[in-house]
Amino acid sequence: MENLVQFVYLLFALLVTLSVHEAAHALVAYYLGDPTAKLNGRLTLNPIKHLDPLGSIVFLITRTIGWGKPVPVNPNNFKNPIRDNALTALAGPMSNFVLAFAVALPWKYLGGYMPDWITLFFTMIFHVSIFLGIFNFFPIPPLDGSKILGLIIPKRIFAKYEEFMEKAAKYFIAIILIDAFILSDFVGFSVFGSAMRYLHDLVATVLLLGT
């Protein structure tokens, strides 16, 4: 029963962090001149607008990895398409770290005065937000990191890099599932999961020290 309650809190925390993440993409894109996300109803904190059916199913199966519906962006509307596309991508994970820092303040200093359910909710948001931010920083298409990496890709090969991102995105789910279920059984641990946990602990320590 306790595990079920924690999983419910985890789901709600994920809805909050995912909504902040996707809305941040939409907000920065709009600020930089691309109204596509806003016109598609994505400039909102309503989680229903951001849920991806397949990503949600994968999360329910793995209980560790999932993803939201990509925010539509038209780089042609940007003044500097490569830079602004990267900034739009960066907004997502950075918003998660800001959210984690924001909930860490009351959790750390007022936790003893808050009801247990609020403390648990803030704790879940803190950890889930960090995991989501780190996950999206990986330079694997279609994650945000692959678009941020575009900033340092030489212009002469950028078109080929965009082509690579389009082709590699289709293998993303397979890579995640193989790592989570097959590779973890073969070597005894998930390579991706281990990297995520290590980076989470590092970021969490820095954010808590910053409070």
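The values are calculated or read from the model by the stated rules, or taken from the named source; none is laboratory data. Model, not experiment: these values are computed from the prediction. All Cβ positions, even for glycine, are placed from backbone atoms using ideal geometry, and neighbour counts span all protein chains on display.
Applying the criterion of being over 16 Å from the mean Cα position of the chain (by Cα) and aromatic (Phe, Trp, Tyr) to the residues of the stretch 10-50, the residue that is nearest to residue 70 (Cα to Cα) is 30. Output the residue which, of all residues in the stretch 21-48 that are touching a Lys or Arg at 6+ places or on another chain (Cβ under 6 Å) and not in a loop (DSSP other than H, G, I, E, B), is surrounded by the most Cβ atoms within 10 Å (Cβ to Cβ). By that ranking, first place goes to 26. If you go through the stretch 129-138 one residue at a time, do you hit one that is at pLDDT 90 or above and more than 19 Å from residue 203 (Cα to Cα)? No, because not a single residue in the stretch 129-138 is at pLDDT 90 or above and more than 19 Å from residue 203 (Cα to Cα). Are any residues in the stretch 86-136 surrounded by fewer than 16 Cβ atoms within 10 Å (Cβ to Cβ), more than 15 Å from residue 208 (Cα to Cα) and of a type outside the set (A, V, I, L, M), and if so, which ones? Within the stretch 86-136, 112, 113, 115, 116, 117 qualify.
A quick yes/no check of all residues on (1) touching a His at 6+ places or on another chain (Cβ under 7 Å); (2) in contact (Cβ under 8 Å) with a residue 60 or more places away in the chain:
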site	(1), (2)
12	no, yes
32	no, no
38	no, no
41	no, no
57	no, no
61	no, no
74	no, no
92	yes, yes
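Here is the figure for the stretch 63-112: residues that are at pLDDT 90 or above and part of a helix (DSSP H, G or I) total 29. The single condition from (1) assigned to a helix (DSSP H, G or I); (2) surrounded by 15 or more Cβ atoms within 10 Å (Cβ to Cβ) that residue 167 fails is (2). If you check 78, 7 for being over 15 Å from the mean Cα position of the chain (by Cα) and over 26 Å from residue 154 (Cα atoms), only one passes: 7.
Restricting attention to the stretch 174-208, the residues being among the aromatic types (Phe, Trp, Tyr) and either modelled with pLDDT of 90 or more or not in a helix (DSSP H, G or I) (or both) number 2.
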